[in-house]
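One structure is given below, encoded as structure tokens.
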Amino acid sequence: MGVRVVGLPADPLDPAGSAVAAPDGVVLHLADMTSVLVEAWRRVLATGHWVGLHDWLEEQVAAPEAGWRPDLTLGRYAEELGPDRVTLVLGSDPAVLAREVARLGGGPADVSPPREEVPAVLVDRLLADLATAGLGSGWGAEVVADGLGGLRATGALPGASPAVVAWVESVSATVERLGLRVVGERRLLRLPAAGEAPDEVPVADGVRLTAGLLGALEEQPEALQRRREQRDRAEAAVAELAGTPAPPGRRELVREARSRVTTLGRRLRRRR
Amino acid sequence: MSEVPVLPESSRLLHIGPHKTGSTTLQAAFHQNRAVLRRQGVHYAGKGTQPLNAAMVAALGRGLPTVDEARDTSWDRLVAEIRNTPLPRVMISSEFFCEADAEHVRAILDRLDPQRTHVAVTLRPLSRIVASQWQQYVQNRATPGYVPWLEQVLAHPDGSRVTPSFWRRHRHDRVVERWAQAAGADRVTVVVVDESDPMMLMRTFEAMLALRDGTLVPGQVAANRSLTLPEVELVRRFNQLTREACWNDGDYTQFVRFRAVRHLQERRPPEDEPRLLTPGWAVQRTTEIAAGMVEAIRRTGVRVVGDLDSLVRPPGADVVGDYREVETVPTEVAVRLAAGVARAYVDVTSTPVGKGRSLGPFEESLRLRRETEELEERRAALERRPPRRPASALGTWELLRQLVRAALPRGG
């Protein structure tokens with residue numbers, strides 16, 4: 001999602017949400033709390049740190065100030081611009097976002113690349129399966145996170161503890177108290193009630209899960225050429241650095257030291 | 001029914017399938033019992049369960065999409081291995097040999113020595129083959145649904161535009177005729193698989209190769225079970241979405257066929273999960289076509305082990321039934337397909353590119369990305385090294401510091 005932000009850090013909202021500046025205010029956008037949370041967690045995976053979704057959520061609950069808080073970010077916008085100049089769009093319809101930006105005199109809002117919308121339970125189960133494969137961290141976590149970037153996880157989060165649900169409620173309540181203009185369904189600020197994890201999902205959701213993973217990693221042929229060039233440049237740089245002369249060896253150091261001591265001795269003798 | 005022929009020493013037994021006739025189980029039994037076979041004078045050709053790529057090259061003139069065609073010497077190497085074995089009998093098995101046209105059949109026999117080669121063809125009822133063969137096509141990126149596919153294929157038993165390899169493999173009469181014409185009818189044996197006796201196939205091949213009874217112990221067949229209806233439908237609908245520009249057959253083979261589908265097959269589906277059934281009209285049509293094939297096979301005069309008439313008997317309720325549209329899939333199925341692909345991202349880039357491998361654009365992109373990241377890390381490490389100057393350019397204190405460091409033992 002394209003983000004043009006006035007004066008405030010945008011990254012906690014992007015791309016699960018976005019902030020678009022317009023002449024008469026700013027339009028903030030959040031899809032729904034489930035996808036926002038899953039996206040924030042995915043970004044942790046992208047750093048190479050492998051952590052389960054539910055474990056990460058528990059960490060947020062345990063450290064509410066240090067953790068990830070969309071309400072605090074929204075609060076900063078409200079404080080900076082005044083709540084009447086901040087519009088919060090809830091939902092995933094890009095047309096609504098564009099309309100609100102236009103209402104405040106802004107140009108067309110950038111539209112994020114399409115993502116495959118899947119039930120959050122599938123993303124959660126997918127990670128559990130991958131964890132058993134011992135993908136661990138580093139490259140494995142990064143590449144899985146990139147793949148998950150092609151998905152937008154929505155709906156209930158089976159397995160979320162009561163503490164997590166309560167934490168999300170408190171975040172939502174803070175957002176409500178900010179008094180922003182809200183467009184869209186307010187229920188999206190809360191986690192949908194999670195019953196038992198479903199045994200079955202619509203076949204289309206299953207297809208979207210794999211297609212989204214692949215789609216996020218696919219590249220157009222011209223990008224492939226750019227990757228080849230990047231790799232070649234990196235290889236050349238390594239070859240050049242590796243080819244520089246080695247640091248002086250012990251023998252060379254000793255010879256140099258002796259030579260300097262001899263020279264110093266001569267100078268001292270001459271002075272006498 | 002004929003007696004099982006015992007092949008003389010120096011024979012080469014070439015099992016040509018076709019597909020879906022029990023060949024995977026047979027090949028696994030040969031592969032997993034190589035040591036015992038050797039002690040009884042039989043060499044099982046190839047390194048794995050079957051020399052799939054070599055057989056494709058021999059029969060079709062091209063191998064797997066993941067193999068670089070220009071550097072593919074797999075068939076030549078297999079022939080050399082067969083010629084060089086000191087053991088008196090050789091078994092070669094791949095269902096891909098059945099797809100050879102007359103010209104390729106002659107070429108294969110010429111390379112293997114027609115005087116020493118005996119051909120074995122295993123057969124099962126066509127009505128039992130259609131469902132699993134369609135599944136296999138889906139695992140190779142096909143997109144037609146089962147019923148439309150059956151309508152197309154069964155309407156054109158002389159050759160269908162949809163999946164043209166189907167009748168190349170399963171006009172069993174023509175397969176037998178092609179090989180009998182080139183090898184001689186007395187050098188071809190048809191083995192009709194007995195559905196009620198799973199060991200019949202093993203015992204027949206043991207007898208042909210003069211092996212002791214019970215030598216071929218069926219072992220673990222690596223994840224080759226049929227997919228359930230929800231599993232195969234999920235793969236098929238996923239196929240409809242894969243895009244051509246960034247994703248070719250090599251990528252599909254590597255990531256979906258070899259990885260994601262196998263991850264699905266490792267799952268143990270519950271007994272009540274729907275299986276793929278063939279509609280009654282299609283079973284009737286396959287039986288009519290099979291009746292014609294059986295008569296034609298009889299006319300070839302090849303040796304037949306087993307009951308040819310069993311190929312036209314109507315199958316049981318485990319095969320026949322209405323095809324139902326799939327609306328939902330088990331959550332585990334959806335997850336396993338995706339997880340198989342994601343595991344492949346990491347696994348594939350962790351292993352070096354094998355000799356003669358051909359990379360699809362998707363795999364190449366992933367590999368380039370990983371290589372670049374690793375090179376960047378190396379570059380950063382090299383840049384962190386202390387400055388490299390000749391000793392004469394060092395200041396006195398730096399010279400002393402480096403001297404002390406050089407004098408200390410490593411890690412000191």
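Values for this structure:
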{"item": "Unique residue being among the β-branched types (Val, Ile, Thr) and closer than 30 Å to B:Arg268 by Cβ when the list is B:Val353, B:Val320, B:Val312", "result": "B:Val320"}
{"item": "Yes/no for A:Ala128 being out of contact with any strand residue (DSSP E or B) (no Cβ under 6 Å at 6 or more places or on another chain) and not in a helix (DSSP H, G or I)", "result": "no"}
{"item": "The range B:84-115: number of residues that are surrounded by fewer than 18 Cβ atoms within 10 Å (Cβ to Cβ) and touching a strand residue (DSSP E or B) at 6+ places or on another chain (Cβ under 9 Å)", "result": "5"}
{"item": "Test: residue in the range A:116-130 that is buried (at least 16 other Cβ atoms within 10 Å of the Cβ) and free of Cβ contacts under 8 Å to residues at least 12 places away in the same chain", "result": "yes"}
{"item": "Failed criterion for A:Gly140 (all others in (1) crowded, with 21+ Cβ neighbours inside 10 Å; (2) at pLDDT 85 or above hold)", "result": "(2)"}
{"item": "Given (1) touching a residue at least 24 places away in the same chain (Cβ under 8 Å); (2) farther than 25 Å from B:Ala290 by Cβ; (3) within 14 Å of another protein chain (Cβ to nearest Cβ), index of the condition B:Gly145 fails", "result": "(2)"}
{"item": "Subset of the range B:330-349 that is among the small types (Gly, Ala, Ser), within 8 Å of chain A (Cβ to nearest Cβ) and out of contact with any Asp or Glu (no Cβ under 7 Å at 6 or more places or on another chain) - its residue that is surrounded by the most Cβ atoms within 10 Å (Cβ to Cβ)", "result": "B:Ala338"}
{"item": "Residues within the range A:73-113 that are small (Gly, Ala, Ser), modelled with pLDDT of 85 or more and within 20 Å of A:Ser35 (Cβ to Cβ), tallied", "result": "0"}
{"item": "Matching strands (runs of 3 or more DSSP E) fully within the range A:133-240 where at least 1 residues are within 14 Å of chain B (Cβ to nearest Cβ) and acidic (Asp, Glu)", "result": "A:200-202"}
{"item": "Residues being within 19 Å of B:Arg384 (Cα to Cα) and in a helix (DSSP H, G or I) - total across the range A:241-265", "result": "3"}
{"item": "Set B:Glu371, B:Glu325, B:Glu377: member being surrounded by fewer than 20 Cβ atoms within 10 Å (Cβ to Cβ), out of contact with any His (no Cβ under 6 Å at 6 or more places or on another chain) and within 7 Å of another protein chain (Cβ to nearest Cβ)", "result": "B:Glu371"}
{"item": "Of all residues making up the range B:171-220, the number that are in a loop (DSSP other than H, G, I, E, B), of a type in the set (Val, Ile, Thr) and touching an Asp or Glu at 6+ places or on another chain (Cβ under 9 Å)", "result": "1"}
{"item": "Filter pass, B:Gln240 being among the polar types (S, T, N, Q), loosely packed, with under 14 Cβ neighbours inside 10 Å and either within 11 Å of chain A (Cβ to nearest Cβ) or within 18 Å of B:Leu227 (Cα to Cα) (or both)", "result": "yes"}
{"item": "Any hit, the range A:256-272, residues being of a type in the set (A, V, I, L, M, F, W, C) and at the interface with another protein chain (Cβ under 7 Å from one of its Cβ atoms)", "result": "yes"}
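Conditions tested, residue by residue: (1) modelled with pLDDT under 90; (2) more than 11 Å from chain A (Cβ to nearest Cβ); (3) over 28 Å from B:His118 (Cα atoms).
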{"residue": "B:Asp197", "(1), (2), (3)": "no, yes, no"}
{"residue": "B:Gly250", "(1), (2), (3)": "yes, yes, yes"}
{"residue": "B:Thr253", "(1), (2), (3)": "yes, yes, yes"}
{"residue": "B:Ala260", "(1), (2), (3)": "no, no, yes"}
{"residue": "B:Leu277", "(1), (2), (3)": "no, yes, yes"}
{"residue": "B:Val283", "(1), (2), (3)": "no, yes, yes"}
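The values are calculated or read from the model by the stated rules, or taken from the named source; none is laboratory data. As the structure is a prediction and not an experimental result, all values here were calculated from the model. Because the Cβ atoms are built from the backbone with ideal geometry, glycine has one as well, and the counts that use them run over all protein chains shown.
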